[in-house]
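Student: My structure is below; once you've seen it, I'll send some questions.
The values are calculated or read from the model by the stated rules, or taken from the named source; none is laboratory data. The model shown is predicted, which means the values in this text are computed figures rather than measured ones. Counting neighbours? That spans all protein chains shown, and the Cβs are built from the backbone with ideal geometry, glycine included. For the accessible areas, the whole protein counts, side chains as well, though only heavy atoms, and no ligand, DNA or RNA atoms are used. Shrake-Rupley method; radii C 1.70, N 1.55, O 1.52, S 1.80 Å.
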Amino acid sequence: MTDQKEIVLRTDSLSKKFGALQVTNAVRLALPRGCRYALIGPNGAGKTTLINLITGQLKPDSGSIFLGGDDITGKSVSARVRAGLTRTFQINTLFPDLTPLEAVTLAVCEREGKAGQFWQPLSAHGAAIDEAFETLKSIGLAAAATRPTRTLPYGQQRLLEIALALATKPRVLLLDEPAAGVPKDESAALFEVIAALPSDISVLFIEHDMDIVFKFASRIIVLVAGGVLLEADPEEVRTDQRVREVYLGKGHHV
Amino acid sequence: MNQAMSANANVDTARQWLKRQSRWSPFEIVFWLALLLPFFLFPTYLPLASQIAIAALFALSVDLILGYAGIITLGHAMFFGLGAYAAALLAKAGWSEPLTGLLFAGVFAGLIGFITSFMIVRVQHLALLMITLGLGVLTLELANAMSWLTGGTDGLRVPRTWPIFNYFRFDLWGYTSYGYTLAVLFICFLLSRLLVNSSFGLALRGIRENVKRMPAIGSDHHRHLQKIYTISAAMAGLAGALLAQTTSTVALDVLSFTRSADVIVMLVLGGTGRLYGAIVGAIIFLVARDQLAGINPQYWYFWIGLLLMVVVLFMPKGILGFLSRLAGRRDND
Ligand SMILES: Nc1ncnc2c1ncn2[C@@H]1O[C@H](COP(=O)(O)OP(=O)(O)OP(=O)(O)O)[C@@H](O)[C@H]1O
Ligand SMILES: [Mg+2]
């Protein structure tokens, strides 16, 4: 282990089956504070499923999940988010008719427990609106803040996925293919945004483009057929024979 | 509509933009002033106007859950009827003061709404329709079976409501009735308007837009849904109480499935998710019924059905949605 830092998120032999298919197989992982980890693996390896298990969209068959030392295995999705564990989605999961400003303001209000207040206008929550706007500005969405989400270009919608997650003030941020569907030149810019996220947030991102993975990840977890094949530094992954076979072997030059 | 904002947007414009979304437009003021016209122009239609105000309040209560939170219901007459019976029974017990009666009915319907909300928030789509329909039918049959209390199919005669503020007597022509129902509608509208423009209203739109994302931004959205369902049930109860107090009769039809369905028709005609659709829909529906029933008492619903189909096919956002699109197009030209 190169990292002696405090572990913020840990899973303990997490397993899940869909029928006979073992999609998650005794996965152990540990994310230190402020890390930038990549989760890679071929299509159908179970990456999204693993995130669904960690964030509570799916219930594991066995195993446990710890956030900052607390067992959160039985908690609801929203309770995990409020505890600081947030994700984004591989396929846009946004609010089409809300503007980014409204959507992010909503996330801020939810975090502060103000979203149930029906007796004063939204404009009374000035601090939340300002924070939402600053969040949008910080990832380059200021100019799009008041346009309905459905009218935004796809790349900006991907950024909004991240902005919504940031508004929950996560300790751990799990990004499921943040650049999915984004042209290659744009996806580098998108990852610059991710690299610039506050340094105390632990980030685990899924990404298929190995150039990006090697550039932005300090450590890489390789998932194959639901199990962790290898967890290592980029250099080691680059040269590992098994990884070459299952993953890089498909004509990818490193 | 033209919502473009310059690229050098800053925090101030963000705040202002959000504020602008809830500003009163001149159309709204004209609209409410126009609702006073029956007093002067059509005094013979005041009883109809009261019926419209009551139906509009009921439709408004449904718009809060259907138009804003995306909860489809086929049983909301349940709360309308509970409110009507609550007010009627309180009056029969010897207390005919209108405002406390109204409050009593609203609280009672809201309480039942809160209890049933635990069931409502757990289901969606067809299951939700069936649960709301089932609860509505159940309540109707219960009221029928408890005829010692509800008067069963004969209905209840409600003692005459006392003057409002001990001053405004309920007159035969319906001046007080319309003033009263319109005032309650207006107050509930103001509260609804505040609600939909609040952070809570934003959360409801979030639920309607993408319920799957809500937990992922940390929202306990079931609680939001329970809250709006309770508020909506209370408001439907107020509408039912107004009917009992202004017409002095309550029959089982206050709980009927037809009432639950009609209110949805009104909303779809007017346009959901914009509050005014409830009022416009109620006006169109009840005026059409009044006029058409005069021409052809048996087949008036045929025309409503036709109108409904035309609106759904050609104005998917209701008549108000259609008008605002026309206005928006003109703005942009
Ligand atoms: N709800 C489900 N029910 C049944 N099978 C599922 C379900 N979700 C995923 N699977 C299957 O589990 C396997 C893993 O899917 P998952 O989406 O986790 O893969 P992934 O690694 O994220 O793939 P990709 O890189 O394509 O996003 C796949 O074979 C998929 O078909
Ligand atoms: Mg995936």
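Student: Using the Cα centre of chain A as origin and beta-carbon charges of +1 (Lys, Arg) and -1 (Asp, Glu), tell me which of A:MET210, A:VAL81, A:THR168 is placed farthest towards the positive end of the dipole.
Tutor: A:VAL81
Student: Nearest 10 degrees is fine. How inclined is helix B:221-247 to the longest principal axis of chain B, computing both from alpha carbons?
Tutor: So the helix axis and the longest Cα principal axis differ by about 40 degrees.
Student: Roughly how much of B:LEU225 is accessible, in Å² to the nearest 10, using a 1.4 Å probe?
Tutor: Here the residue's solvent-accessible area equals roughly 20 Å².
Student: Something else about it: Would you please classify the overall shape of segment A:57-186 from the alpha carbon gyration tensor, given that a ≥ b ≥ c denote the square roots of the eigenvalues, rounded means a/c under 1.5, and beyond that prolate means a/b larger than b/c while oblate covers the rest?
Tutor: Oblate.
Student: Can you give the net charge of the other residues whose Cβ lies under 11 Å from the Cβ of B:TRP162, counting K and R as +1 and D and E as -1?
Tutor: It works out to a net charge of +1.
Student: Projecting each Cα onto the charge dipole of segment B:69-208 (Lys/Arg +1, Asp/Glu -1 at the beta carbon, about the Cα centre), which of B:GLY101, B:THR139, B:LEU191 comes out farthest on the positive side?
Tutor: The residue sitting most towards the positive pole is B:LEU191.
Student: Please work out how much length the chain gains when fully extended from B:LEU194 to B:PHE257, using 0.36 nm per residue of separation minus the C-alpha to C-alpha distance, in nm with one decimal.
Tutor: 19.6 nm
Student: With a 1.4 Å probe, how much accessible area is buried between chains B and A, both sides summed, in Å² to the nearest hundred?
Tutor: Result for this pair: about 3700 Å² buried.
Student: Between A:PHE18 and A:ASP200, what is 0.36 nm times their sequence separation minus the Cα-Cα distance? Round to one decimal in nm.
Tutor: Roughly 62.0 nm would be gained on extension.
Student: For B:LEU306 and A:ASP211, what is the calculated FRET efficiency with R₀ set at 60 Å and r taken between the beta-carbons, to the nearest 0.05?
Tutor: Calculated value: 0.45.
Student: Which distance in nm do the two modelled labels at B:ASN166 and B:ILE187 give, with both placed 7 Å along the Cα-to-Cβ direction?
Tutor: Inter-label distance under the simple model: 1.8 nm.
Student: What do you get for the angle between helix B:125-145 and the principal long axis of chain B? Use alpha-carbon atoms, 0 to 90 degrees, nearest ten.
Tutor: Relative to chain B, helix B:125-145 is tipped by roughly 10 degrees.
Student: Binning at 10 angstrom from zero up to the longest distance, how are the C-alpha pair distances of segment A:93-169 distributed in percent?
Tutor: 21, 55, 22, 2
Student: To the nearest 10 square angstrom, what accessible area does A:ASP71 show with a 1.4 Å probe?
Tutor: Result for A:ASP71: roughly 90 Å² accessible.
Student: When Lys and Arg each count +1 and Asp and Glu each count -1, what net charge do the other residues less than 15 Å away from A:PRO153, Cβ to Cβ, add up to?
Tutor: Charge balance near A:PRO153 sits at 0.
Student: Another question, then. Please give, to one decimal in nm, the separation of the simple spin-label points placed at A:ALA143 and B:VAL30, each 7 Å out from Cα toward the Cβ.
Tutor: My value for the distance between the label points is 3.7 nm.
Student: Once you put a point 7 Å from the Cα of A:ALA26 and another 7 Å from the Cα of B:PHE314, both along the Cβ direction, what distance in nm separates them?
Tutor: My value for the distance between the label points is 6.9 nm.
Student: Rg to Rh ratio, segment B:172-264, alpha-carbon atoms and Kirkwood radius?
Tutor: For segment B:172-264, the value is 1.09.
Student: Taking square-rooted eigenvalues a ≥ b ≥ c of the alpha carbon gyration tensor, is segment B:40-268 rounded, prolate or oblate, where a/c under 1.5 means rounded and, failing that, a/b exceeding b/c means prolate?
Tutor: prolate
Student: Given a cut-off of 29 Å, name the pairs among A:LYS47/A:LYS169; A:LYS169/B:LYS19; A:LYS59/A:LYS215; A:LYS17/A:LYS184; A:LYS184/B:LYS317; A:LYS16/A:LYS184 whose C-alpha atoms lie farther apart than that in the structure shown.
Tutor: Beyond 29 Å between Cα atoms: A:LYS59/A:LYS215; A:LYS17/A:LYS184; A:LYS184/B:LYS317; A:LYS16/A:LYS184.
Student: Quick check for me: using +1 on Lys/Arg Cβ and -1 on Asp/Glu Cβ, what's the dipole size of chain B about its Cα centre, in debye to the nearest 20?
Tutor: Roughly 780 debye for chain B.
Student: Further question: By how many degrees, between 0 and 90 and to the nearest 10, does the Cα long axis of helix A:154-166 differ from the longest principal axis of chain A?
Tutor: Result, in degrees: 80.
Student: Per residue, how much accessible area does chain A have with a 1.4 Å probe, in Å²?
Tutor: Spelled out: the 1.4 Å probe surface of chain A, per residue, equals 39 Å².
Student: Among the DSSP beta bridges whose two residues both lie in the protein assembly as shown, what percent are antiparallel, rounded to the nearest 5?
Tutor: Of all bridge pairs located within the protein assembly as shown, approximately 60 percent are antiparallel.
Student: Let me ask something else about it. With a Förster radius of 51 Å, plug the Cβ-Cβ distance of B:MET146 and A:ASP233 into 1/(1 + (r/R0)^6) and report the FRET value to the nearest 0.05.
Tutor: Calculated transfer efficiency: 0.10.
Student: Under a 10 Å cutoff between Cα atoms, tell me which one of A:VAL203, A:VAL193, A:VAL108 has the largest fluctuation in the Gaussian network model of chain A.
Tutor: Maximum fluctuation in the GNM of chain A, among the listed residues, is at A:VAL193.
Student: Given a Förster distance of 60 Å, report the FRET efficiency between B:LEU37 and A:SER76 from their Cβ-Cβ distance, rounded to the nearest 0.05.
Tutor: Once rounded, the FRET efficiency stands at 0.70.
Student: Hey, another quick one. Would you please give the residues with an amide H less than 5 Å from that of B:GLY155, counting only those at least 5 places away or on a separate chain, with H modeled from the backbone geometry?
Tutor: Counting only residues 5 or more places away or on other chains, the set is B:LEU252.
Student: With a sphere of radius 9 Å drawn around the Cβ of A:PHE205, what net charge do the other residues whose Cβ falls strictly inside it have (Lys, Arg +1; Asp, Glu -1)?
Tutor: Computed value for this residue: -2.
Student: Sticking with this one: If you put +1 on each Lys and Arg Cβ and -1 on each Asp and Glu Cβ, how big is the dipole of the protein assembly as shown around its Cα centre, in Debye rounded to 20?
Tutor: With Lys and Arg at +1 and Asp and Glu at -1, about 400 debye.
Student: Moving to a separate point now. Any chance you could look up the accessible area of B:ILE29 with a 1.4 Å probe, heavy atoms only, rounded to 10 Å²?
Tutor: Near enough 90 Å² of accessible area.
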